[in-house]
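Below: the structure, in C-alpha cells.
The values are calculated or read from the model by the stated rules, or taken from the named source; none is laboratory data. All of these numbers come straight from a predicted model, not from anything done at the bench. Please note: Cβ atoms are built from the backbone with ideal geometry, for glycine as well, and neighbour counts cover all protein chains shown.
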Amino acid sequence: MKFAKYLSAVVFGGLLLTACSKGGQPTSRNPGDYSTATGIEYGEEEESFQVNDYADIEGGPGLIFIEGGRTTLGSMEEDVAMTRDNIERTVTVASFFMDETEVANIHWLEYLHYLKQDSLPEVYTAALPDTTVWSRQLSFNDPYVTYYLRYPGFRFFPVVGVSWLQANDYAIWRTAKVNENLAKEAEGGGGRRGLFGRRGGGEESVEGSKPSIESGYVLPNYRLPTEAEWEYAAQAMIGTQYSEDENQNNRRLYPWDGHQVRNPYGREMGKFLANFKRGRGDYAGIAGALNDGAMITDYIYSYPPNDFGLYNMAGNVNEWVQDTYRPLSFEDVEDLNPFRRDGYLDEQENYDSSEGFHSLVTDEVKVYKGGSWKDVAYWLSPGTRRFMTQDSSTATIGFRCAMINAGSNR
C-alpha cells in the first residue's frame, strides 16, 4: 500500500513536470508553472516560491551592446615612451554594454541638478567639475573656464575636469536614478506591468518601493569600463571578421582599418577620423580646409563610429577606466575578464618614493586611454595607456560608462 502511494506520487510529479515542459525546456523568460526540482507550483499559495515575469532588458539608456570574445590586448605602436607596460597577450572579454558616446556636459548638468535637489550642499560641491583645468598661464583659454560646462552650445561636448573619483560617483548616481525611474514606471503601470507582480498572484505595488533584483527589471550597475573592456571595445575587431571560421583579416592599429588617420574611402576621403593634434601647434589645420575641425573638444557624435557603433574611441578626450595602474599588469593577468583593482602581486611598496625612488605609482593612480584633442596620433591606438592620480583632472580626460550583460552569453 505504501509503495502504491509512493508510486502514485512519483507518477503525479512526473505528469506535472511533463506538463511544465510541453512548451520546451524551461528558460529565464519561461520557467514554467512548476519547479523542475520539486514539482511544486510557483506562486499559487502565499507561502510558495514566487517567480516574477521576466523579459530581457536591452541594456540601459545610452548603452550599446558589445559582443565579447577572444582578443589580443597590447600596444600595436612602436613604444616611443619606452614604458613596455602593455605587452601583447591573448584574453577573453565577456559581452557587456558601453555608452555610445562620452558623458557630455548636459549629462553632468542633469546630475548636478538632481544632486542640488536631493543631497547635502557639500555633496553637490564635491561633484562640480574643475573648470580651471582650461586655465593656462601662457594661453588665453579663459572663456572656456566660464562657458565650456554651462553654455548651451557646449551641451553635447564631453565633460572634462572630472576626476576618476567623481566619475565613479556619477556612475553610482546614474544607476540609482535609472532604476528609480523604472520603479516609477512600474508603479504607474505604464508599459512595465508585472515588475512587482507574482505568477498567478496578481500585481502588487507598494508606494515608494523599488523592484527587487529578482524581478529582472533592475538594471545592473553603471560603472567605469575595465581597461580590457575599453581596449576591446575600441579595437572593434568584429569589423574584421568576414566569415565564421574565427579568422580575422587584420589587427587594427586604430579603432578603424588601415594604418592612417584619414578616411581612405568615398566622399569623405582624406578627412580625419578623429579629433587629435596633428603636429606641434597644429590642432585643427588651416582656415578653409580644417583637418579635424576642432581646436579643443568636439560634438560627441562627430567622426564615424567604430564597428561596435561607439563614437570617439580615439581622440576628442581621453577616458578613465577602472584599473589601478601597474607597469607589469600584462604579466599579472587573468586571461578571462582581466582587471587590476589594486596592487595585488605588485604591491605599492615596490614603488615607495619615500625610499628615495622617483616613482609616481601608487594604489591611487588610475589608467586612462584613448588620446585627446591635445594628443598626437600615437595615443589614439587602443593599446597605449597612461595614468594619473584618482583625484586629479584635466581638460583632456572625460569618461563613459559600462554595464555587465547579465544573464546572457549572447
**Request:** Determine which single condition G407 fails, assuming it passes every other condition in (1) in contact with a strand residue (DSSP E or B) (Cβ under 6 Å, 6 or more places away or on another chain); (2) touching a residue at least 60 places away in the same chain (Cβ under 8 Å); (3) not in a strand (DSSP E or B).
**Result:** (1)
**Residues that are charged (D, E, K, R) and either assigned to a loop (DSSP other than H, G, I, E, B) or surrounded by fewer than 22 Cβ atoms within 10 Å (Cβ to Cβ) (or both), drawn from region 70-112** = R70, E77, E78, D79, R84, D85, E88, R89, E100, E102, E110
**Asked** Does G270 satisfy being surrounded by fewer than 22 Cβ atoms within 10 Å (Cβ to Cβ) and either touching a residue at least 60 places away in the same chain (Cβ under 8 Å) or closer than 25 Å to T394 by Cα (or both)?
**Response** no
**Item:** Tally, over region 366-404, of residues that are part of a strand (DSSP E or B) and not aromatic (F, W, Y)
**Value:** 11
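For every residue, the table says whether it meets (1) small (G, A, S); (2) in contact with a Lys or Arg (Cβ under 9 Å, 6 or more places away or on another chain); (3) modelled with pLDDT under 80.
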position	(1), (2), (3)
M237	no, yes, no
Q241	no, no, yes
N249	no, no, yes
P255	no, no, no
F272	no, yes, no
F276	no, yes, no
G288	yes, no, no
A294	yes, no, no
T297	no, no, no
**Message:** Looking at region 367-409 only, could you name the residues that are among the charged types (D, E, K, R) and either under 17 Å from the mean Cα position of the chain (by Cα) or buried (at least 23 other Cβ atoms within 10 Å of the Cβ) (or both)?
**Reply:** K369, R385, R400
**Fill in**
The one condition W256 fails out of (1) surrounded by 14 or more Cβ atoms within 10 Å (Cβ to Cβ); (2) over 26 Å from the mean Cα position of the chain (by Cα); (3) closer than 30 Å to W164 by Cα is (2)
**Request:** Identify all residues within region 115-124 that are surrounded by 12 or more Cβ atoms within 10 Å (Cβ to Cβ), without any contact (Cβ under 8 Å) to a residue 24 or more places away in the chain and not in a loop (DSSP other than H, G, I, E, B); write none if there are none.
**Result:** K116, D118, V123, Y124
**Message:** Here is a check on your reading of the model: is I286 surrounded by fewer than 17 Cβ atoms within 10 Å (Cβ to Cβ), under 27 Å from Q322 (Cβ atoms) and of a type outside the set (S, T, N, Q)?
**Reply:** no
